[in-house]
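Notes follow once the structure below has been shown.
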Amino acid sequence: QTYLERIARLNPQLNAFVTLDAAKSLAQAAAADARRATGEAAPLLGIPLAQKDIFCAQGWRTTCGSHMLENFVSPYDATVIERFDAAGAVNLGKTNMDEFAMGSSNETSYFGAVKNPWDTARVPGGSSGGSAAAVAARLAPAATGTDTGGSIRQPAALCGLTGLKPTYGVVSRWGMIAFASSLDQAGPMARSAEDCALLLNTMAGFDTRDSTSVERPAEDYTRLLADDAPAKPLAGLKIGLPREFFGEAERAGCDAAVMARVDEAIAAYRALGAETVEVSLPAMQLSVPAYYVIAPAEASSNLSRFDGVRYGHRAPEYTDLDDMYAKTRAQGFGAEVKRRILIGSYVLSHGYYDAYYRQAQRIRRLIADDFARAFKECDVIMGPTSPGTAFRIGEKAADPVQMYLSDIYTIAVNLAGLPGMSIPCGLADGLPAGLQLIGNYFGEARLLEVAHRYQ
Ligand code: GLN
């Protein structure tokens with residue numbers, strides 16, 4: 001009730017939620033109370049959470065930020081939603097996002113921009129911008145996000161939160177509307193690493209309905225977070241600092257005040273007992289171009305299902321079937337989504353596939369190899385999450401390449417399938433700066449511990 005009241009008061013300014021259903025949320029809360037009364041101790045019993053509107057939730061409108069799904073009410077639950085229900089969590093509502101998760105500012109949403117609670121003239125980051133703004137403004141204690149190229153970590157950085165993108169395959173993608181299936185991964189956004197660990201405990205797990213879900217024994221992601229740590233809790237930890245982020249010339253690619261906060265955070269890690277070593281990720285510089293071939297290619301295929309036949313928007317007037325498809329898609333998708341479909345169809349087409357798609361896949365392999373080499377020298381890699389703080393609404397909207405470069409530090413992690421986090425590391429000119437932590441495959445528990453010791 002407290003959160004719903006706060007949402008009612010502040011959401012009109014922030015536009016963080018696109019769908020609210022107080023009756024449904026309160027019914028879930030009452031059900032949690034009833035479960036508690038029987039002595040049940042489900043891990044998130046009665047905990048309210050905001051859900052990114054990319055997750056299908058039964059009986060809830062699920063829009064993915066698009067006009068195409070403006071009136072789509074999901075007949076089923078995503079695995080993530082199912083798991084939260086079983087754990088006793090309460091769905092507070094569905095959060096705004098860039099259309100089909102394509103963006104870094106939340107400005108591509110059909111439902112309008114989300115405002116950053118730190119400065120409402122600025123973006124919250126994207127594509128999980130509604131979730132980030134909701135948690136930052138205390139409209140929810142924690143939220144879900146998804147990260148295909150940075151969409152959990154970058155908005156977490158721009159709103160002063162902790163966000164985790166798990167190893168590809170740890171969280172089921174079933175019922176999560178697909179953008180680029182080989183990159184998409186869901187994760188928690190919260191105020192601390194500890195809260196992220198609690199959410200991940202519920203989100204993670206094998207699912208036969210997602211063919212890329214990884215079958216591993218269940219883990220308690222909070223197990224390394226005990227508070228009885230010694231004075232130098234990170235003694236023995238080796239932090240890799242990539243030359244591609246921290247080289248003298250490369251530093252210029254990042255806002256100076258953000259870099260200063262990142263340097264201070266790394267100094268704080270040395271004080272906690274960690275050592276730093278220089279590592280190199282030479283193929284990293286190719287990550288943004290490779291991503292903008294691979295992600296649109298997969299998106300163009302995934303989005304072909306929105307044809308006006310099965311669900312979602314259908315053009316009200318048309319002459320024949322082809323005309324219906326064309327009008328439906330012309331009306332239903334926004335400009336950024338259309339740009340990606342065109343790029344994706346082009347790079348997959350006969351005669352261009354070898355020149356673009358195959359080359360991008362090769363680069364992807366080189367990037368993964370770079371990380372594998374780096375992790376022989378260190379346990380965790382650190383750097384900035386985003387090259388700047390929250391930018392002004394409209395500032396980058398006219399220049400897609402400028403927007404794409406917001407993810408210059410995050411995209412390689414998705415291409416390699418590694419886990420990555422962003423944690424707040426202070427203010428740069430009055431706005432939150434984020435420190436990125438990259439771990440080795442399935443290293444989430446250790447990554448959360450490293451984040452927790454700093455917090
Ligand atoms: N900003 C990137 C893009 O627009 C990443 C988005 C995401 O991670 N969903 O594709």
(Q) Ignoring everything except DSSP H segments at least 4 long, calculate the 222 nm mean residue ellipticity for the chain; use -39,500 (n - 2.57) per segment, divide by total residues, nearest 500. (A) -11000 deg cm²/dmol
(Q) Can you tell me what share of the DSSP beta bridges in the stretch 2-203 is antiparallel? A percent to the nearest 5 is fine. (A) 65
Q | Of 68, 193, 104, farthest towards positive along the dipole that unit charges on Lys, Arg, Asp, Glu beta carbons give the chain | A | 68
Q.
Just to be sure I understand: of the beta bridges DSSP finds with both ends in the chain, what percent are antiparallel, rounded to 5?
A. 70
Q.
Could you give each residue of the stretch 412-423 its phi-based ³J(HN,Hα) in whole Hz, using Karplus coefficients 6.51, -1.76, 1.60 with θ = phi - 60°, and x for Gly or Pro?
A. 4, 5, 5, 4, 8, x, 7, x, x, 10, 10, 10
(Q) For the chain, what does the accessible surface come to per residue with a 1.4 Å probe? Please give it in Å². (A) 38
Q) Taking amide H positions as placed 1.01 Å from N in the peptide plane, with prolines and chain starts having none, which residues 5 or more places from residue 383, or on another chain, fall under 5 Å of its amide H? A) 436
Q: May I ask you to evaluate 6.51 cos²θ - 1.76 cosθ + 1.60, the Karplus curve with θ = phi - 60°, for each residue of the stretch 158-170 and list the ³J(HN,Hα) values in order in whole Hz, giving x for glycine and proline?
A: 6, 10, x, 10, 9, x, 10, 9, x, 3, 4, x, 6
Q. Considering only protein heavy atoms and a 1.4 Å probe, what is the carbon-and-sulfur percentage of the accessible area of the chain?
A. 53
**Q.** In Å, descending, principal axis extents of the Cα set of the stretch 2-203
**A.** 46, 38, 35
Q) Each label point is 7 Å from the Cα along the Cα-to-Cβ direction; what then is the distance between the points at residue 243 and residue 399, in nm? A) 2.9
(Q) How large is the direction-averaged shadow of the alpha-carbon convex hull of the chain, in nm²? (A) 21.8
Q | Per-residue SASA entry for residue 339, accessible area with 1.4 Å probe, Å² rounded to 10 | A | 90
Q) So how do 60, 174 rank on accessible area, 1.4 Å probe, biggest first, that is with the largest at the start? A) 174, 60
Q | Note, ³J(HN,Hα) from phi for the stretch 310-317, Karplus 6.51, -1.76, 1.60, rounded to Hz, x at Gly and Pro | A | 8, 7, x, 4, 9, 3, x, 10
Q.
For a quick check: with amide H placed at 1.01 Å from N, whose amide H comes under 5 Å from residue 90's, ignoring anything fewer than 5 positions away on the same chain?
A. 46, 47, 49
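The values are calculated or read from the model by the stated rules, or taken from the named source; none is laboratory data. Here the structure is a predicted model, which means the values were calculated and not measured. Glycine gets a Cβ as well: all are built from the backbone with ideal geometry, and neighbour counts include every protein chain shown. Only protein heavy atoms, including side chains, enter the accessible area calculation; ligands, DNA and RNA are left aside. Shrake-Rupley method; radii C 1.70, N 1.55, O 1.52, S 1.80 Å.
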